[in-house]
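**Student:** Take a look at the following structure, please.
Bear in mind that the values in this text are calculations on the coordinates, not laboratory data. The structure displayed is predicted, hence computed values, not measured ones. Methodologically, a virtual Cβ is constructed for each residue, glycine included, from the backbone with ideal geometry; neighbour enumeration extends over all protein chains shown.
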Amino acid sequence: NSAINIENGTCSYRISLTPGQSCCGVPSVLEIVFVVDYSDGMTSVINDINTHISEIQEELSVTGGFVRYGLIGYGHPDNGGTPQVLFELEADISSFSSALVDGLNGAGGTDGGPAFDAIELALTHFPWQGTENLLFLVGNKHVVCDICTEATGVIGDTSLQPTVESLIDLCLLQNVKV
């Protein structure tokens, strides 16, 4: 088993992975997509991800599996907060790290963004062909629901956001853990 511990101030995370083989002895494939809020106040959080991503990669390499990373950014004022793909699924951790930090250029200024739209983009854009598929939503604002049926990822706009139910259905369809 491989366990990854990440600590930051008052928060700590532990991810446990069991090395495995997919069909016919082929090493397992882990796909990890980060959906990151690039609005105000996120610089230190994004820098923390960047600092620890090589540790995550190192820990995952002991499992014998193959890891691919993807990145969706939202809340960035340069594009009105609209979610966009910043890094396609690839195993190159250095390129992923660069894309993560490059997204910080000009970041800040908007208040959150369409978190549910960003999750939907991640679930529909990437092929999700890993043996294990993980999506991490990284933000500094709570994502709330209006009576848990209409997403309110953007304050005051519930009509165009995907619903919680539709996101759950997409996760199940793509075999993605959030």
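**Student:** Tell me, what is the FRET efficiency for Asp48 and His125 to the nearest 0.05, using R0 = 25 angstrom and their Cβ-Cβ distance as r?
**Tutor:** That gives a FRET efficiency of 0.50.
**Student:** Using mean Cβ contacts within 10 Å as the protection proxy, how do 115-124, 79-88, 52-61 order, highest first?
**Tutor:** So the order, starting with the most tightly packed, is 115-124, 79-88, 52-61.
**Student:** So if R0 is 45 Å, what FRET efficiency would Thr82 and Ser61 give, r being the distance between their Cβ atoms, rounded to the nearest 0.05?
**Tutor:** 0.85
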